[in-house]
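Q: Take this structure, written in structure tokens, and hold onto it; I'll ask about it next.
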Amino acid sequence: MSIRTERLATRLEANAKALAEFAGSLSPEQWRAAMPHDGRTIGVIVHHVASIYPLEIELAQGIAAGKPLVGVTWDVVAGVNASHAKENQGVTKEAALALLKANSAAAAAAIRALSDEELDRAVPQSLYGGAELTCQFFLEDHAVRHAIHHLSRVRAALGIQEETGASVK
């Protein structure tokens, strides 16, 4: 484990914890509320974050190994998200939070197992039009920020002002 991987993993854990704490405080009505311009319920969004960590890490590990990211586009992502929503529309808060806890811990452990050389490895990535980008960029843009990205949107949808404060470094 390097200082960089520890920092990335710690940020992922902090972001997942923030989402879990917020989601855990939601009423049943809030849990079932549909996200504007999205249609998925807040519960499905929380479960989505939890369930996608393994795929995000698998893709990052491929990049770390020097394998170009091919066949993954934003249209493919939208399809995966739509399928997930359809299959998990009745997800319970308990199930989603348990999965979030388990999968975020596994994702953080996988990040900690990477070397700085692997973080720096850059390959063409189809998700970004074939741009050659690093594993660290992919991790930061996906697994590390995923929970906080959706937390921000959920808070906005519910009309709850975002908390500000010191971020994890």
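Q: Could you please rank THR41, THR134, THR73, placing first whichever residue has the fewest other Cβ atoms within 10 Å of its Cβ?
A: If I rank by nearby Cβ atoms, fewest first, I get THR73, THR134, THR41.
Q: Leaving out same-chain residues fewer than 8 places away, which aspartates and glutamates sit with a Cα under 19 Å from that of LYS67?
A: Cross-link targets: GLU56, GLU58, ASP116, GLU117, GLU118, ASP120, GLU132, GLU140, ASP141.
Q: Size of the dipole of segment 3-157 about the Cα centre, Lys and Arg at +1 and Asp and Glu at -1 on the beta carbon, nothing else charged, in debye to 20? Don't skip to the answer; put the middle values down first.
A: Values: 15 positive and 17 negative charges, 88 e Å.
In debye, rounded to 20, segment 3-157 gives about 420.
Q: Another one. Considering the options ALA110, PRO68, ALA82, tell which one lies farthest towards the positive end of the dipole of the chain, charges being +1 on Lys and Arg and -1 on Asp and Glu at the Cβ, about the Cα centre.
A: ALA82
Q: What do you get for the angle between helix 74-87 and the principal long axis of the chain? Use alpha-carbon atoms, 0 to 90 degrees, nearest ten.
A: For helix 74-87, the angle is close to 40 degrees.
Q: Using a simple spin-label model with points 7 Å from Cα along the Cα→Cβ vector, what separation in nm is obtained for VAL76 and ALA131?
A: Calculated label separation equals 1.8 nm.
Q: For segment 142-151, take each phi angle, set θ = phi - 60°, evaluate the Karplus expression 6.51 cos²θ - 1.76 cosθ + 1.60, and give the result in whole Hz per residue in order, putting x for glycine and proline.
A: Once rounded to whole Hz, the list reads 10, 4, 5, 9, 4, 5, 6, 4, 6, 4.
Each value in this text was obtained by applying a stated rule to the coordinates, not by laboratory testing. Worth saying up front: this structure is predicted, and the values here are computed from it rather than measured. Positions of Cβ are generated from backbone atoms using ideal geometry, with glycine treated the same way; all protein chains shown enter the neighbour counts.
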